[in-house]
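First the structure, in the form of structure tokens, and then the observations on it.
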Amino acid sequence: MTHTQATPTRRMTLKLDHIVVLGETLEEAVAHAEAAVGLPLVPGGTHERYGTHNHLVGLGDLYLEALAIDPGATPPTEARWFGMDRFVGPARLANWVCCVPDMDAAIRALPMAGRPVELSRGRLRWVMAVPEDGVLPFDGLFPALIQWLSPVPAGAILSASGTRLDRLDIIHPDAATLESLLAPHLEAPRVVFRTAPAPGLRAEMIGAGGQRRTLQ
């Protein structure tokens, strides 16, 4: 049984859905995100399958998620998503997530994204592409792919914060290759690929009063 309805006439697109700050603890992830954004994050919930929990804040047409392993959860029997089993060090902006209209078509076009996994939290339902070892290609900087099955996705539920994402830099030694893989499908003009020795992400945001903020 497939996870999605096939829509062969619909072009496979990737649109920026949200960005993810990881921390060794949720408190660290939230503190790092709040210091950069200048806004409080609200509790999200838990993800039983991967033993994680999160907090969230809206950034206009997308949102920011602070995510960490839940110490009170039962450890999963498979690798956690976002390479979290290997995450160490200070909290940081570690991942970006793109929404797709058809996960089966997305994985056919970009098989390195992983396998489809159905997930839910409260009234939210979605399908995520997760690699077998949990680690996304390009040192984790390949976008995680999501297809929302809920009529209203997570980002639309969050209150408007007045802060919006202006630019997201994807920084990697082989940024040109990553860009060429995604270019036929990516519809995210705020995403910029930059070549540099050390991989990482950098988000430039504009607050309600016009002040600029940076999250890395």
Exercise. If you scan segment 114-150, which residues turn out to be assigned to a strand (DSSP E or B) and surrounded by fewer than 16 Cβ atoms within 10 Å (Cβ to Cβ)?
Worked result: Arg115, Glu118, Ser120, Arg125
Exercise. For segment 157-192, which residues satisfy the criterion of being closer than 30 Å to Val42 by Cα, at pLDDT 95 or above and not aliphatic (A, V, I, L, M)?
Worked result: Asp166, Arg167, Asp169, Glu187, Pro189, Arg190
Seminar exercise, completed: Taking segment 66-113 and keeping residues in a loop (DSSP other than H, G, I, E, B), β-branched (Val, Ile, Thr) and surrounded by fewer than 22 Cβ atoms within 10 Å (Cβ to Cβ) leaves Thr74, Thr77, Val88
Exercise. Yes or no: Gly51 at pLDDT below 95 and not β-branched (Val, Ile, Thr)?
Worked result: no
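Here is a yes/no grid of residues against (1) free of Cβ contacts under 8 Å to residues at least 60 places away in the same chain; (2) over 18 Å from Val117 (Cα atoms); (3) charged (D, E, K, R):
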position	(1), (2), (3)
His53	yes, no, no
Leu59	no, yes, no
Tyr63	no, yes, no
Ala66	yes, yes, no
Gly72	yes, yes, no
Glu78	yes, no, yes
Trp81	no, no, no
Val97	no, no, no
Exercise. For segment 1-22, does any single residue satisfy the condition of being at pLDDT 95 or above, farther than 24 Å from Leu165 by Cβ and surrounded by fewer than 21 Cβ atoms within 10 Å (Cβ to Cβ)?
Worked result: no
Exercise. Checking Arg194 against (1) part of a strand (DSSP E or B); (2) of a type outside the set (Ser, Thr, Tyr); (3) within 18 Å of Asp102 (Cα to Cα), which single condition isn't satisfied?
Worked result: (3)
For this session: Please go through segment 163-183 and pick out each residue that is surrounded by fewer than 17 Cβ atoms within 10 Å (Cβ to Cβ), without any contact (Cβ under 8 Å) to a residue 60 or more places away in the chain and over 17 Å from the mean Cα position of the chain (by Cα).
Result: Pro173, Asp174, Ala176, Thr177, Ser180, Ala183
For this session: Hey, could you check segment 151-162 for residues that are in a loop (DSSP other than H, G, I, E, B) and in contact with a Gly (Cβ under 9 Å, 6 or more places away or on another chain) and say which is surrounded by the fewest Cβ atoms within 10 Å (Cβ to Cβ)?
Result: Ser159
Exercise. For segment 42-54, does any single residue satisfy the condition of being touching a Lys or Arg at 6+ places or on another chain (Cβ under 7 Å) and among the hydrophobic types (A, V, I, L, M, F, W, C)?
Worked result: no
Problem set entry | Subset of segment 24-40 that is in a loop (DSSP other than H, G, I, E, B) and either farther than 22 Å from Arg202 by Cβ or within 16 Å of the chain's Cα centre (by Cα) (or both) - its residue that is modelled with the lowest pLDDT | Pro40
For this session: Mind listing whichever residues of segment 193-216 are in contact with a helix residue (DSSP H, G or I) (Cβ under 9 Å, 6 or more places away or on another chain), surrounded by 15 or more Cβ atoms within 10 Å (Cβ to Cβ) and more than 20 Å from Leu22 (Cβ to Cβ)?
Result: Phe193, Gly207
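The values are calculated or read from the model by the stated rules, or taken from the named source; none is laboratory data. Since this is a predicted model, take the numbers as computed values, not measurements. We place every Cβ from the backbone using ideal geometry, glycine too, and count neighbours over all the protein chains shown.
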